[in-house]
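The values are calculated or read from the model by the stated rules, or taken from the named source; none is laboratory data. Just so we're clear, the structure is a prediction, and the values are computed from it rather than from any experiment. Counting neighbours? That spans all protein chains shown, and the Cβs are built from the backbone with ideal geometry, glycine included. Protein only, heavy atoms only, side chains kept; ligands, DNA and RNA dropped before computing areas. Shrake-Rupley method; radii C 1.70, N 1.55, O 1.52, S 1.80 Å.
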Amino acid sequence: MRFRAIRRTAVGLILGMLPLLAVASCGEEPKKHFPGAFPGTHTDVSASQAFRDFGLEVPASAKVVGYYAWSEDDTYPMAAVLRMPCSALPGFVSGSGLRKASSREGAIAGAQVFARDHGWTDDDEDPRYLRDRDRPVGVVTHRTGTECKVYLHT
């Protein structure tokens, strides 16, 4: 009889704790939705704030296709897809402190994977850029006529 009472109590405690565990395991979703944020991502800052935090001088002519940034994480991950006139690309590269990079450099791999996941076709002719100092950033660009698609990844 005593064993049944203990078992019922244990089962009751477990069933009572399940909703609390489910809520705790999900983490806290940001309360505010930011325009341009990729659906389903933890994004807690605007795209312009993330670009400022990373020292990226994104031209006014650039349009954010999508992005995510999670400033509360110790590593502050950030990624974005931008469209801009190709004529604005040199100013973006120099103003953001980026240098030309080879597709074989290990530090560019994350940006290449992100770009592939967002439609880039892995063309070896497409320029790649890196910034190794401060907050490292990898960039892959793709030209279509006069417009360039820019993939940023930290």
Review point. From the residues in region 79-97 that are in a helix (DSSP H, G or I) and among the polar types (S, T, N, Q), which one is nearest to residue 143 (Cα to Cα)?
Key: 87
Review point. Is there a residue in region 139-147 that is at pLDDT 90 or above, of a type in the set (Gly, Ala, Ser) and buried (at least 16 other Cβ atoms within 10 Å of the Cβ)?
Key: no
Check your understanding: Condition test on residue 97, is it out of contact with any helix residue (DSSP H, G or I) (no Cβ under 6 Å at 6 or more places or on another chain), without any contact (Cβ under 8 Å) to a residue 60 or more places away in the chain and closer than 26 Å to residue 74 by Cα?
Key -> yes
Point to revise | Single unsatisfied condition, residue 85 versus (1) loosely packed, with under 14 Cβ neighbours inside 10 Å; (2) without any contact (Cβ under 8 Å) to a residue 60 or more places away in the chain | key: (2)
Review point. Restricting attention to region 94-138, and to residues there that are of a type in the set (Ser, Thr, Tyr) and open to solvent by 70 Å² or more (accessible area, probe 1.4 Å), which single residue is modelled with the lowest pLDDT?
Key: 121
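Only strands (runs of 3 or more DSSP E) wholly contained in region 100-154 count here; list those with 2 or more residues that are free of Cβ contacts under 8 Å to residues at least 60 places away in the same chain.
Because the criterion is at least 2 residues that are free of Cβ contacts under 8 Å to residues at least 60 places away in the same chain, the strands (runs of 3 or more DSSP E) in region 100-154 that meet it are 128-131, 137-144.
Filter region 45-76 down to the residues that are of a type in the set (Ser, Thr, Tyr) and in a loop (DSSP other than H, G, I, E, B), then identify the one that is modelled with the lowest pLDDT.
Step by step, filter region 45-76, then rank; the result is 75.
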